[in-house]
Amino acid sequence: MKDKGEILIDVRDAGYGAFAEGFIGTTGHATSVCHGPGEQHPCPVLEGAHCEHLEDAHGVVFQFNLDDPVIREVLQKYKELVPLEIPIRVVVTDEQREKYADLLEGFQVWGREPTVADLDGFAAEVEAADFAAEAEQD
């Protein structure tokens, strides 16, 4: 099998981003962290531009606040752009799970901040998806 695929961590909290990036790195996966769009840093996905982090991702942990309409637009773009075989986990509150059920359709959801066990399981899922994709190519 080739190198383990990159995992994109979309999170505003720099401390949690560093934690998740560090832990996932111990599983052998390359990681990248995006702290989301802002006034000084627009999201290239929303502007129709190239986003190297998303294009290189073999899995995504999406931990932005869905109550922000711009973040909902980003997640909708992910739904349109990211192939179905790429695992994406969206972290939401119970209220958001209900409120944005249509947007969340097709994504797996975590109802709390991911733990080490969650991240380890996700890294294993990304590896399994990569293995399955590689097997299909052979």
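Numbers below:
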| read-out | value |
| --- | --- |
| Size of electric dipole in the chain: Cβ of Lys, Arg +1 and of Asp, Glu -1, about Cα centre, debye, nearest 20 | 260 debye |
| Separation of alpha-carbon centers, region 76-138 and region 1-32, rounded to whole Å | 14 Å |
| Cα-based Rg of the chain normalised by 2.2 N^0.38 Å, two decimals | 1.01 |
| Extension reserve of the Arg72-Ala30 stretch, reckoned as 0.36 nm per residue once the Cα distance is removed | 12.5 nm |
| The chain, relative contact order [Cα under 8 Å, separation at least 6], % | 27 percent |
| Qualifying trypsin sites (Lys or Arg not before Pro) in region 48-138, DSSP loop, other Cβ atoms within 10 Å at most 10 | Arg112 |
| Inter-label distance for Glu125 and Glu55, nm, one decimal - labels placed 7 Å from Cα along Cα-to-Cβ | 2.6 nm |
| Protection proxy ranking, peptides 114-127, 41-54, average beta carbon neighbours within 10 Å, highest first | 114-127, 41-54 |
| Region 84-129: relative contact order as a whole-number percent, Cα under 8 Å and 6+ apart | 48 percent |
| Under 28 Å from the Cα of Lys4 - lysines, other chains or at least 8 residues apart | Lys77, Lys79 |
| Global geometry of region 86-138, whether rounded, prolate or oblate, following the gyration tensor of its Cα atoms and the 1.5 cut on a/c | oblate |
| Listed residues Gly48, Pro37, Gly5: farthest to the positive end of the dipole of the chain (Cβ charges) | Pro37 |
| CD proxy at 222 nm, helix term only [per DSSP H run n ≥ 4: -39500 (n - 2.57); per residue of the chain; nearest 500] | -13500 deg cm²/dmol |
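Since every read-out is calculated from the coordinates, none of them should be taken as a lab result. Please read these numbers as outputs of a predicted model, since none were measured by experiment. Cβ coordinates were reconstructed from backbone atoms using ideal geometry, including for glycine residues, and neighbour counts include every protein chain displayed.
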